[in-house]
Amino acid sequence: MDNDRELILQCLNRDIEAQKALYARLEPRMHAICRQYARNEAEAEDILQTGFLKLFKNLHQYRFEGSFEGWVRRIIVNTAINYNRQQVHINRDIDIELLAYDTPFCDDALSKLSAKDLEDIIREMPHSHWAVFNLHEIEGYEHKEIGTMLGISEGTSKSQLHRAKVSIRRKLRGLGLG
């Protein structure tokens, strides 16, 4: 934490070398997060750069409480959400009948997929589905939080997650895994 504190203070004093060092330290993990929310590498890079611009612009707001990396992660995730919100209008309709049942994933089928294969399947979904899928299944947010972040209702978040899972199941079946 002391190393973070010193580096952050140097960044606040507009020390370019400190900013480069902070970027170099955080970039690999934050880039991985951006790839989860992007359709391709160019989008991931756009999200990453926008996120780091926001980070440096708002660094003065960090209060040295809690994890600095967690604070940065939140900026990157919010940047990705905003990026995706601009890309597509999220379907705000709730299909209650779809929520009436939800079958669990076939763990055996998922274990046979590489991370890249699963990533490709997720990226083929509509933005609204995979944004909710990422936030819930990967980032661990609850539906109420997702609703607030995306400007949708909690029920719509649940519906979008269900649709994402149905889409993944269809793809798995198409690959002979489901």
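Derivation of every value follows stated rules applied to the coordinates shown; laboratory data play no part. Bear in mind the structure is a predicted one, so any value in this text is a computation, not a measurement. Ideal geometry is used to build each Cβ from the backbone, glycine not excepted, and the neighbour counts take in all protein chains shown.
If the cut-off is 21 Å between C-alpha atoms, which lysines fall inside it for Lys57, apart from same-chain ones fewer than 8 positions away?
Lys20
Below 16 Å, Cα to Cα, which lysines can Lys144 reach? Residues fewer than 8 away in the same chain don't count.
Lys158
Using Cβ counts within 10 Å as a stand-in for footprinting exposure, how do Tyr23, Tyr83 rank, fewest first?
Tyr23, Tyr83
Work out from phi, with θ = phi - 60° and the Karplus expression 6.51 cos²θ - 1.76 cosθ + 1.60, the ³J(HN,Hα) of each residue of the stretch 132-140, listed in order in whole Hz, and give x for Gly and Pro.
Result, ordered by residue: 5, 4, 4, 5, 7, 7, 9, 7, x Hz.
Checking a compactness column here: for the stretch 2-87, what do you get for Rg(Cα) / (2.2 N^0.38 Å), N being the number of residues?
It is 1.07.
Can you put Ser157, Ser114, Ser128, Ser167 in order of Cβ neighbours within 10 angstrom, beginning with the fewest?
Ser114, Ser167, Ser128, Ser157
Which residue, Ile81, Cys34, Leu48, has the largest displacement toward the positive end of the dipole of the stretch 2-87 when charges sit on each Cβ (Lys, Arg +1; Asp, Glu -1)?
Ile81
List Phe68, Phe133 from most exposed to least, where exposure is judged by having the fewest other Cβ atoms within 10 Å.
By the 10 Å Cβ count, ascending, the order reads Phe68, Phe133.
Report, in whole Å, the centroid distance computed from the Cα atoms of the stretch 124-144 and the stretch 1-33.
A separation of 28 Å, based on Cα centres.
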